[in-house]
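In what follows, a structure is listed as structure tokens, so that the remarks can point back to it.
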Amino acid sequence: MKKKLIAGNWKMNGSLAANEALIKNLLAGLGTPACQVALCVPSVYLAQCQSLVNGTAIDLGAQDVSQQPEGAFTGEVSSAMLQEFGVRYVLVGHSERRQYHFETDAGVAVKAQRALACGITPIVCVGETLAEREAGRTEEVVKRQLAAVIHANGHCISEIVVAYEPVWAIGTGKTASTEQAQQVHAVLRAQLKAASPQADRIHLLYGGSMNAANAAQLLAQPDIDGGLVGGASLKAPDFLSIIASAN
Ligand code: PGA
């Protein structure tokens, strides 16, 4: 059985001092985790965090990558640049990027391609809004978002991670019920299986108000292979307790 993956998404939070304290506290309590652990940090802190997690059980992640390989794209960070800092994972298509930066399914698929080309695992985020769920469109939306990535990356699709994050559950304290989450995960698993005989090795993460209290139940579902954790990843005791639930 594959190990679960617990990835923290710091979003636009942190400072040199806070990052150092948080990572030191995590390492102090981590021991030898039975699951994989990653932190997706703001890109300006990659160098700092790389030196803090180097040689530990924590892998480094970034929160976004450019669709372009290099050149005149002011403000962008390329996958080759991330690779230089030992980045193992990069979030692509987080709902905040789709919403505030108008990222499209096709653009997200290219980002996944760029990451894979540099040996970085894209964590492809999919999820429906509340209006879409209420209109009964959840399945259609997540399948469309994932299909774009499968279409562009079919030959190496088993190298990606997928995070199902219902938009209405992100940062709201409203978690999808274990049944709601498992149901969507099963749909995504079936879609991946149809695309690749190796789909069973793909980690399917749940994200959206995962916390110390609800993690164990979510992680016990057959198609939930880990979590993408926002708010609760900023507090060492909470994140450690989620990691313990995955062990
Ligand atoms: P949350 O964020 O855990 O704070 O809801 C999850 C995410 O956006 O990745």
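The values are calculated or read from the model by the stated rules, or taken from the named source; none is laboratory data. If you're wondering where the values come from, they're calculated on a predicted model, not measured in any experiment. All Cβ positions, even for glycine, are placed from backbone atoms using ideal geometry, and neighbour counts span all protein chains on display. Accessible surface is based on the protein model in full, side chains and every heavy atom, while ligands, DNA and RNA are left aside. Shrake-Rupley method; radii C 1.70, N 1.55, O 1.52, S 1.80 Å.
Distance from the Cα centroid of region 47-116 to that of region 1-22 is 15 Å (rounded to whole angstrom).
Sorted by accessible area with a 1.4 angstrom probe, largest first, how do Tyr100, Tyr45 fall?
Heavy-atom accessible area, descending, gives Tyr100, Tyr45.
Using θ = phi - 60° in the Karplus curve 6.51 cos²θ - 1.76 cosθ + 1.60, the 3J(HN,Hα) couplings for region 72-84 round to 7, 9, 3, x, 8, 10, 8, 5, 5, 5, 4, 4, 5 Hz; x is entered for Gly and Pro. Looking at the chain, the pairs of alpha carbons with a distance over 22 Å make up 49% of the total. Share of pairwise Cα-Cα distances greater than 18 Å in region 9-112 is 51 percent (whole percent).
Note that the chain presents 44 Å² accessible area per residue, ligands and nucleic acids not counted, probe 1.4 Å. For the peptides 8-20, 54-66, residues were scored by their other Cβ atoms within 10 Å and the scores averaged per peptide; the highest-first order is 54-66, 8-20.
Per atom type, the chain shows carbon and sulfur on 53% of its accessible surface, probed at 1.4 Å. The alpha-carbon of Lys11 sits under 26 angstrom from the alpha-carbons of these lysines, leaving out residues fewer than 8 places away in its chain: Lys3, Lys24, Lys111, Lys143, Lys174, Lys235.
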